[in-house]
1. May I ask you to list the residues in region 51-63 that are among the aliphatic types (A, V, I, L, M) and either assigned to a loop (DSSP other than H, G, I, E, B) or modelled with pLDDT of 85 or more (or both)?
2. For region 64-99, what are the residues that are over 30 Å from L50 (Cβ atoms) and surrounded by 10 or more Cβ atoms within 10 Å (Cβ to Cβ)?
3. Looking at region 12-35 only, could you name the residues that are loosely packed, with under 11 Cβ neighbours inside 10 Å and modelled with pLDDT of 75 or more?
4. Can V105 be described as at pLDDT 85 or above, of a type outside the set (S, T, N, Q) and part of a helix (DSSP H, G or I)?
5. Would it be correct to say that Y69 is over 25 Å from the mean Cα position of the chain (by Cα), among the hydroxyl-bearing types (S, T, Y), at pLDDT 80 or above and assigned to a loop (DSSP other than H, G, I, E, B)?
6. Kindly list, by first and then second residue, each pair from a residue in region 48-77 that is closer than 23 Å to V106 by Cβ and among the aromatic types (F, W, Y) to a residue that is modelled with pLDDT of 75 or more and not in a loop (DSSP other than H, G, I, E, B), limited to pairs with Cβ atoms under 7 Å and residues at least 6 apart or on different chains.
7. Out of (1) outside any loop (DSSP other than H, G, I, E, B); (2) exposed (fewer than 10 other Cβ atoms within 10 Å of the Cβ); (3) modelled with pLDDT of 85 or more, what's the single condition that is false for N38?
Amino acid sequence: MRLKEFLTEQQLSDVHDALDIATLSLPYTYKLNQLKNNDFYDIYRFGVALAAVRGEDGDNVNPYKPKFYPESDWGENQVVSGFDPKLGNVVDKALAKVNKKGKTVVSTPGSEEMRDTYKDSLLKPFKGYAK
């Protein structure tokens, strides 16, 4: 058996990039010229915007439609959260290691419920069967 009968070579002219293939095989495919793939916050907000647009279109599946904002209150800032009361000091030291500083407390020291949260159990306690 000769080698050329089972070995094939791909020619460089046959190599395609992703957009060449997408034009033929993926319906309704769009390149978003001002949405870069290296800013994860913008990508996340775009995903939320897609969901908002779908939710606002006609079906009225969900009557609660919060207002969509292009940026969240925290923006692109990182958030660190935990149950350790010393976490603030740890964050300060870690920021110093990467030559950064500054943090803003955005929560209460303890875990609390929202004011309108019903805290009592909906289940009645079982006192046992009558003897």
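The values are calculated or read from the model by the stated rules, or taken from the named source; none is laboratory data. Bear in mind the structure is a predicted one, so any value in this text is a computation, not a measurement. All Cβ positions, even for glycine, are placed from backbone atoms using ideal geometry, and neighbour counts span all protein chains on display.
1. The initial filter retains those residues of region 51-63 that are among the aliphatic types (A, V, I, L, M), namely 51-53, 61.
Hit for region 51-63 is V61, nothing else.
2. Applying the first criterion (over 30 Å from L50 (Cβ atoms)) to region 64-99 yields 82-99.
Once the filter is applied, which keeps residues that are over 30 Å from L50 (Cβ atoms) and surrounded by 10 or more Cβ atoms within 10 Å (Cβ to Cβ), region 64-99 yields G82, L87, G88, N89, V90, V91, D92, A94, L95, A96.
3. Those that are loosely packed, with under 11 Cβ neighbours inside 10 Å and modelled with pLDDT of 75 or more: Y30, K31, L32, N33, Q34.
4. Working: at pLDDT 85 or above: yes; of a type outside the set (S, T, N, Q): yes; part of a helix (DSSP H, G or I): no.
In short, no.
5. Working: over 25 Å from the mean Cα position of the chain (by Cα): no; among the hydroxyl-bearing types (S, T, Y): yes; at pLDDT 80 or above: yes; assigned to a loop (DSSP other than H, G, I, E, B): yes.
No: the conditions fail for Y69.
6. Once the first residue is closer than 23 Å to V106 by Cβ and among the aromatic types (F, W, Y) and sits in region 48-77, its partners that are modelled with pLDDT of 75 or more and not in a loop (DSSP other than H, G, I, E, B) give F68/A49; F68/A52.
7. (1)
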